[in-house]
Structure formats: structure tokens, C-alpha cells
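Worksheet: one structure, shown below.
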Amino acid sequence: MKFTKMHGAGNDYVYVDCFKETVDNPAETAIKVSNRNFGIGSDGLILIMPSDKADVRMRMFNSDGSESEMCGNGIRCVAKYAYDHGIVTRTEITAETGAGILTLQLFPNAANKVERVRVNMGPPRLSREEIPMNGTPVAQVVAEELTVLDKTFKITCVSMGNPHCIIYVDDVDNFPVATYGPLIENHQLFPRRTNVEFIQIISRTEVKQRTWERGAGETLACGTGASAVCVAGVLNNLTDRKILNHLAGGDLELEWVENGPVFMTGPATEVFNGEITL
């Protein structure tokens with residue numbers, strides 16, 4: 001199988017061009033290629049596929065083989081690959097995902113290779129049934145208490161096509177993400193598990209994020225998570241609608257348009273191409 005290794009702000013995936021390749025068992029393949037000792041090493045597997053609804057289609061599998069609806073960093077890399085490899089020729093394209101069809105604006109450099117992508121992530125989904133969460137279907141979850149082990153957190157939950165639980169902490173660098181992340185990910189509140197974002201507020205326009213990603217563990221960046229954080233900051237009156245989010249792998253720019261979608265802008269980087277025998 002031929003593949004391309006790419007990352008968006010350090011959130012790295014193995015990408016397969018399914019215009020040319022066939023992946024018979026993507027869940028099993030994701031587990032094999034993601035292994036950082038015995039495989040290629042990645043947060044998961046992303047298939048770049050033909051679509052009858054958009055310019056391209058993305059399917060995304062976590063390192064544990066589970067399929068997720070969307071990946072904000074991944075979709076930027078899909079757009080870069082599609083442009084750089086001639087699948088598309090326009091700098092505004094559409095991509096079909098498990099969370100719907102998204103519009104992406106591409107920014108090529110002087111060598112006509114895409115370096116940055118702006119994604120219309122669509123409007124946030126805020127009710128429990130949309131996230132999904134157990135409890136009153138139409139209720140929103142803003143600063144609701146959740147006790148895990150010895151700590152009681154105030155959680156705000158948002159779906160950007162996949163579920164996110166946002167928690168504010170005073171010192172995110174030293175917070176034990178690996179202790180609390182998996183317990184919240186698999187909490188009975190979340191029937192399809194959840195991603196967990198631990199956030200430190202720097203100012204009204206700046207935050208710092210660490211992510212425990214559903215099915216993958218802690219990752220260097222999460223684009224849908226950063227988008228959800230932008231929304232949660234507004235809901236809690238902690239940040240403005242336009243913020244800069246510092247993630248371990250790099251920075252993302254977010255803007256939540258009033259009564260509208262969230263826009264995310266960030267880098268997309270191709271690391272190398274290769275071939276693996278499965």
C-alpha cells in the first residue's frame with residue numbers, strides 16, 4: 001500500500017489516496033500503520049476518496065481502529081494533498097465527511113504547494129442529543145459539574161461533528177491529562193465516548209490546549225477540539241469569538257461567527273511518502 005505521512009500542527013496521520021489504492025479493512029489497517037514501534041507511526045489512518053457529493057471524501061480511523069466522524073487537522077491535510085497531487089485545481093473546494101460537507105479555502109505558496117487551509121467547520125451542535133450525551137435531549141451542558149476520582153470539574157460540551165468535553169484548568173502544562181482524560185472519555189455520560197480538551201485561559205483572545213483524543217490518547221493537536229474550545233469560551237463568557245489557540249504541535253486560529261459556523265485556519269504539512277506491506 002502506498003501512503004503519505006502528513007500532519008496538521010503535529011496531529012499526524014497516514015493518508016492513503018483511494019483514487020489509486022484500495023484499503024479492504026481500514027480499521028485493521030489503522031491499528032497496524034499507527035503503531036509507532038512496529039508500523040509507520042501516527043494518530044490514525046485517513047482515506048482520501050472520491051465523492052459523488054463533493055470534490056473529495058475523507059474517512060478517518062483512530063489508532064485503535066475506531067472510526068470518527070471528523071478530524072479538523074486531518075481535513076486540512078486532505079485538502080493539501082488533493083491540491084498538491086492534482087485531484088483538485090481550485091483553491092476553494094468541498095470535502096465530504098462523517099460530519100457533513102465542509103468548504104475549505106486553500107493558501108498555496110510561491111511553489112504552488114498548499115501551506116495553510118481555512119476550514120468552514122459548520123455550526124456547533126450544543127444539545128445533549130446532538131453531542132451525544134445521556135440526559136435531557138434538548139439541554140445544553142455549560143459549566144456543569146462532573147466528579148471524576150478526587151476532582152469535580154465544570155464541563156462544557158460541544159459537538160463539531162464529533163463530541164468534545166471542555167474543562168478549564170489553571171496550569172495545563174502540569175495537569176495530569178493521562179489520568180483524567182481516559183476516565184472522562186469513557187464516562188457513562190457519553191454513549192459514543194468523547195474527546196476531552198483541557199484549557200488554560202491566557203486572555204480574552206488566547207488560550208492553551210491539551211487534548212485527550214477519543215480512540216488515540218493525548219495528541220499534539222485537535223482541530224475539531226480547538227473549534228469546540230472557541231465555542232465553549234463564548235458560552236462561558238471567558239473568551240471572544242476570535243481566538244488564537246496554542247496547542248502542543250502549533251497554533252490554530254479560530255472564529256465563531258454569531259449564529260453561524262466556526263472557521264479554523266492552520267497549517268498542513270506533508271512529511272514523506274512511502275510503501276508498506278500489510
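The values are calculated or read from the model by the stated rules, or taken from the named source; none is laboratory data. These figures come from a predicted structure and were not determined experimentally. Methodologically, a virtual Cβ is constructed for each residue, glycine included, from the backbone with ideal geometry; neighbour enumeration extends over all protein chains shown. Heads up: the accessible areas ignore ligands, DNA and RNA and are worked out on the full protein's heavy atoms, side chains in. Shrake-Rupley method; radii C 1.70, N 1.55, O 1.52, S 1.80 Å.
One table, with the values for the structure above:
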read-out	value
Net charge of Cβ neighbours under 12 Å - reference Thr103; Lys, Arg +1; Asp, Glu -1	-1
Of all accessible heavy-atom area on region 50-182, the percent that carbon and sulfur account for (1.4 Å)	44 percent
14 Å beta-carbon shell around Asp170, net charge (K/R +1, D/E -1)	+2
Fraction of accessible area attributable to carbon and sulfur, region 192-252 (%, probe 1.4 Å)	49 percent
More than 12 Å apart - percent of Cα-Cα pairs taken over region 171-210	61 percent
Where Val142, Val148 fall by accessible area, highest first, once all protein chains stay in place (1.4 Å)	Val142, Val148
Mean separation of Cα contacts under 8 Å (6+ apart) over length of the chain, as relative contact order %	20 percent
Charge tally in the Cβ shell below 15 Å around Gln200, where Lys, Arg are +1 and Asp, Glu are -1, Gln200 excluded	-2
Unsatisfied cross-links (Cα-Cα over 21 Å) in the set Lys5/Lys113; Lys151/Lys242; Lys5/Lys53; Lys208/Lys242	Lys151/Lys242; Lys5/Lys53
Largest to smallest principal axis extent of the C-alpha atoms in region 147-278, angstrom	48, 35, 28
Listed residue (Ile93, Gly39, Ala54) projecting farthest to the positive dipole end of region 35-122, Cβ model	Ile93
Per-selection Kirkwood Rh - region 12-87 (Cα, Å, 1 d.p.)	12.4 Å
Loop chymotrypsin sites (Phe, Trp or Tyr not before Pro), region 1-42 (other Cβ atoms within 10 Å of the site Cβ: 16 or fewer; DSSP)	Phe19, Phe38
Reach of Lys80 by Cα under 16 Å, taken over aspartates and glutamates that are not fewer than 8 positions away in the same chain	Asp12, Asp17, Asp55, Glu92, Glu96, Glu115, Glu270
Low-density loop cleavage sites - trypsin sites (Lys or Arg not before Pro) in region 28-128, where at most 16 other Cβ are within 10 Å (DSSP)	Arg36, Lys53, Arg90, Lys113
Ratio Rg/Rh [Cα only; Rh per Kirkwood] for region 62-127	1.02
Per residue accessible area in Å² of the chain, where ligands, DNA and RNA are left out and the probe is 1.4 Å	42 Å²
Directionally averaged shadow of region 197-273, computed from the convex hull of its alpha-carbon atoms, nm²	5.6 nm²
Unit Cα scatterers, Debye sum, the chain: log10 I(q)/I(0) for q = 0.14 Å⁻¹	-0.94
Amide H within-cut-off set for Ile202, under 5 Å, with H built and near neighbours excluded	Val207, Lys208
